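Visitor: Structure incoming, see below.
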2 protein chains.
Amino acid sequence: MNKRLLLAAAALVAAPLAAAEKAALAPSEIVAAAPKADWVAIAPADLLVMDLAPGANGKPRRVVIQLMPPPFSQGWIGNVRKLAAAKFWDGLSVNRVQDNYVAQWGDADGDDKAKARALPKGLKQVAELEYTASKTSQRCEPHPGNRLLCSTEEAPLSNLTKSDVYGSAGFLEGWAIASSEARIWPVHCYGMVGVGRNLSPDTGSGAELYVVIGHAPRHLDRNIALVGRVIEGIENLSSLPRGTGALGFYETAAERTAILSVRIGSEVPGLPAYEYLSTESETFARYADARANRRDAFFNVPAGGADVCNIPVPVRRSTGSR
Amino acid sequence: MNKRLLLAAAALVAAPLAAAEKAALAPSEIVAAAPKADWVAIAPADLLVMDLAPGANGKPRRVVIQLMPPPFSQGWIGNVRKLAAAKFWDGLSVNRVQDNYVAQWGDADGDDKAKARALPKGLKQVAELEYTASKTSQRCEPHPGNRLLCSTEEAPLSNLTKSDVYGSAGFLEGWAIASSEARIWPVHCYGMVGVGRNLSPDTGSGAELYVVIGHAPRHLDRNIALVGRVIEGIENLSSLPRGTGALGFYETAAERTAILSVRIGSEVPGLPAYEYLSTESETFARYADARANRRDAFFNVPAGGADVCNIPVPVRRSTGSR
């Protein structure tokens, strides 16, 4: 009985044709059938690759993060690039895992000036205003992952989700984005990577990073910088033991997971190529609609909507043409 | 630097008085200051206690689940009580952990009639209609955890959250509940426990259970029975290694986590007492408002709202009077 539980796509594929013909496609089936042209390559230079020390089973543990395109958070992302180039994180560790919230890595001795690792020179202090971007931003520069935003006066935010309790939200260039009348900003969905900071007006350098591993903590939106999202290997962070100290910090050094290295993707030999489903594609619109109104065999009642974090943007290793 | 990141309550407590005076209370501080009268005892008979085999560090791994009160899902909950009384789960295992979705336990051989463990006699086949309850339900019976619902004609749903993309939602008797004009139903928030099933019209017996360990999969609402929520020890499920098979099933028996026993709380010697913050209390209203509009020291911009799953109902071990 158990193998077919909560099954969605998998059972439909395995079901006899008669049943499959009756039901609509599952979201994953819509994505699998997308034409190659609907997929957008992610430049290796926009990836951050973190290798953790192997776990008890000896297997490598790699986390691949896609950095956000302009106009979002570019001050912090510049710092992250400098930190990776300086090998700042090598030998540091994952220091905090708080259930249904975040996993966080950086310098466990960062609070202790005598012991803290020196930051590379030239890191920017970014202003709080940069947590959000202008809809008619002039700050963006030509960028491979940013096809539309710099070419239009107004960001063409696709409001595929209805306005929710947090305001308007939709998708832009592969990212979940919320908006007000004049500003747009990235959303704290599962897997998003942000910049730890102290109390305002500090905005963090980027040396302390966290990833969301629970229900979207949307109250952090506009209060902290988001710099990317995990596109592969999040289980290497989300399944780590929870810390038993305050806020999920580990209480002993032995509990921390060591970071072997963090590098920009273009510096990592043999890294696979990745691509995301264009959120401006017709396929994505159908996928988002199917997430909001499941009509495949397992479901009786369509939800009638989906919040922006319940429509994860599909990302995969690149395949050949199809 | 890192210890004070994303800190909310903790930093405020540690901050100098001048800073603390400026900022409003954090949600956790509002809860900590609640009068004892705002806490509602959870009867041990409404708890399900699952003990997993110890992990690599030898520590016990207990998961405590609170079962839902009437009028919700009582057919399945009756089955769960029979299954626990029959020690059905003892020696079975956690068979599936899918990242950002669910952890699931039961009989790994359930699909194989020759090898499947026999279910106890007298389990009900519950109708799909029971995924939801009537707002003017006559099905409920007097119950210690159900102070209001049976005493009123209409469920007094507190719509503390605005209508969201999924419809109306609020809190009732300590639970996050969604509603339509005539029906109410529990919501798939983080930590909620549901009943695995096959394709409709099967509704599951309760022998296969799962817990939500990611962003709220609200598309499952009204499509599957929810029977409770984890109130302690969820990290013993959410931090398990993810299964590498389809849907997060483990591919080998060795990867499964063994269940030592599952018992109703009143059968477990030495179990602590638990209580939840009454969702009908004034304290809860202030807590929910503070979750929606963080005004404590860490935050610059209040979100202006919170979805129902971003306002987790506080549950704690019972303390003495205060």
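Visitor: So is A:ALA246 more than 23 Å from A:GLN66 (Cβ to Cβ) and without any contact (Cβ under 8 Å) to a residue 24 or more places away in the chain or not?
Guide: yes
Each row is one residue, and each column tells you yes or no for (1) more than 19 Å from A:ILE224 (Cα to Cα); (2) touching a residue at least 40 places away in the same chain (Cβ under 8 Å).
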| position | (1), (2) |
| --- | --- |
| A:LYS59 | yes, no |
| A:PRO70 | no, yes |
| A:GLY78 | no, yes |
| A:LYS87 | yes, yes |
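Visitor: Taking the criterion of being surrounded by fewer than 22 Cβ atoms within 10 Å (Cβ to Cβ) and either touching a Leu at 6+ places or on another chain (Cβ under 7 Å) or more than 21 Å from A:GLY106 (Cα to Cα) (or both), would at least one residue in segment A:227-237 satisfy it?
Guide: No, segment A:227-237 has no match at all.
Visitor: Applying the selection to segment A:252-266, what residues are hydroxyl-bearing (Ser, Thr, Tyr) and either touching a Lys or Arg at 6+ places or on another chain (Cβ under 6 Å) or without any contact (Cβ under 8 Å) to a residue 24 or more places away in the chain (or both)? Quick ask: steps written out before the conclusion?
Guide: First, pick out the residues of segment A:252-266 that are hydroxyl-bearing (Ser, Thr, Tyr): A:252, A:257, A:261, A:266.
Within segment A:252-266, just A:THR252 meets the criteria.
Visitor: Inside segment B:96-130, can you point out the residues that are at the interface with chain A (Cβ under 8 Å from one of its Cβ atoms) and in contact with an Asp or Glu (Cβ under 8 Å, 6 or more places away or on another chain)?
Guide: If the condition is that a residue be at the interface with chain A (Cβ under 8 Å from one of its Cβ atoms) and in contact with an Asp or Glu (Cβ under 8 Å, 6 or more places away or on another chain), then B:ASP99, B:GLN104, B:GLY106, B:ASP107, B:GLY110, B:ALA116 are the ones that fit.
Visitor: Just wondering, is there one or more residues in segment A:294-312 that are more than 10 Å from chain B (Cβ to nearest Cβ) and in a helix (DSSP H, G or I)?
Guide: Checked segment A:294-312: no residue is more than 10 Å from chain B (Cβ to nearest Cβ) and in a helix (DSSP H, G or I).
Visitor: Only residues that are in contact with a strand residue (DSSP E or B) (Cβ under 8 Å, 6 or more places away or on another chain) and not aliphatic (A, V, I, L, M): list them for segment A:45-68, please.
Guide: A:ASP46, A:ASP51, A:PRO54, A:GLY55, A:PRO60, A:ARG61, A:ARG62, A:GLN66
Visitor: Taking segment B:241-288, which residues are assigned to a loop (DSSP other than H, G, I, E, B), more than 12 Å from chain A (Cβ to nearest Cβ) and small (Gly, Ala, Ser)?
Guide: B:GLY270, B:ALA273, B:SER278, B:SER281
Visitor: Next question, about the same structure. Taking only segment B:19-57 into account, find how many residues are closer than 19 Å to B:ASN293 by Cβ, among the charged types (D, E, K, R) and modelled with pLDDT of 95 or more.
Guide: 1
Visitor: State all residues of segment B:175-226 that are acidic (Asp, Glu), more than 10 Å from chain A (Cβ to nearest Cβ) and either assigned to a strand (DSSP E or B) or within 25 Å of B:GLY110 (Cα to Cα) (or both); if no residue qualifies, say none.
Guide: none
Visitor: Would you say A:VAL187 is over 20 Å from B:ARG295 (Cα atoms) and of a type in the set (A, V, I, L, M)?
Guide: Details: over 20 Å from B:ARG295 (Cα atoms): no; of a type in the set (A, V, I, L, M): yes.
No, not satisfied.
Visitor: Going by the structure shown, is A:ARG291 within 14 Å of chain B (Cβ to nearest Cβ), in a loop (DSSP other than H, G, I, E, B) and under 30 Å from B:VAL165 (Cα atoms)?
Guide: Details: within 14 Å of chain B (Cβ to nearest Cβ): yes; in a loop (DSSP other than H, G, I, E, B): no; under 30 Å from B:VAL165 (Cα atoms): yes.
Criteria not met by A:ARG291.
The values are calculated or read from the model by the stated rules, or taken from the named source; none is laboratory data. In this text, all values refer to a predicted model and were calculated from it rather than measured experimentally. Cβ sites come from the backbone with ideal geometry, for glycine too, and all protein chains shown count toward neighbours.
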